[in-house]
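The values are calculated or read from the model by the stated rules, or taken from the named source; none is laboratory data. The model shown is predicted, which means the values in this text are computed figures rather than measured ones. Neighbour counts are summed over all protein chains in view; Cβ atoms, including those assigned to glycine, are modelled from backbone coordinates with ideal geometry.
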């Protein structure tokens, strides 16, 4: 393996152990040329999976790209990194063990959306807005409506909602803002 610092081709493994979830081996390496130290990950790959893009192009499945996409959706969200790793590993395992040599990018997107929906609603909406190419606020309203009763769709009104012009009983009178 090449050294990421100096490009030397003869790095040595100093320590090797399983990762926390047991799905990979962590290897600590050192370069004898520059003394640089770095970590490598070794994972099991069940089979080569090819992704069929919407454009018709075929590319090899890239686990790192999947992880980056999920990471973008989860940016600044309080989700345990171990849960994220389990989601990425689970999707990867599903794709590799499905028995199909090709999988569509749409199928991968649906797996990610299903995983994010169970992990974090905000990340789910973020990912869906890009994946489904949202163009207007109505697209968000429709998606939020599918998340359940705990979330309110922006601008959605039901028959049970009070008339905005009429104050609720026993409520103090509302003041209207005066704009100049």
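Key figures for this structure:
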quantity	calculated
Every pair of residues 6+ apart whose Cβ atoms lie under 7 Å, when the first sits in the stretch 54-78 and is farther than 13 Å from residue 125 by Cα while the second is exposed (fewer than 11 other Cβ atoms within 10 Å of the Cβ)	60/48
Entirely in the stretch 73-180, the helices (runs of 4 or more DSSP H) that have 2 or more residues that are within 30 Å of residue 53 (Cβ to Cβ) and modelled with pLDDT under 85	81-97, 121-131, 137-145
Selection within the stretch 20-40 - in contact with a helix residue (DSSP H, G or I) (Cβ under 9 Å, 6 or more places away or on another chain) and surrounded by 15 or more Cβ atoms within 10 Å (Cβ to Cβ)	23, 24
Restricting the stretch 17-36 to residues that are part of a strand (DSSP E or B) and closer than 22 Å to residue 86 by Cβ, the residue that is modelled with the lowest pLDDT	24
Residue check for residue 51: surrounded by fewer than 13 Cβ atoms within 10 Å (Cβ to Cβ), modelled with pLDDT of 90 or more and part of a strand (DSSP E or B)	no
Residue match in the stretch 97-118 (condition: touching a residue at least 40 places away in the same chain (Cβ under 8 Å) and closer than 30 Å to residue 14 by Cβ)	no
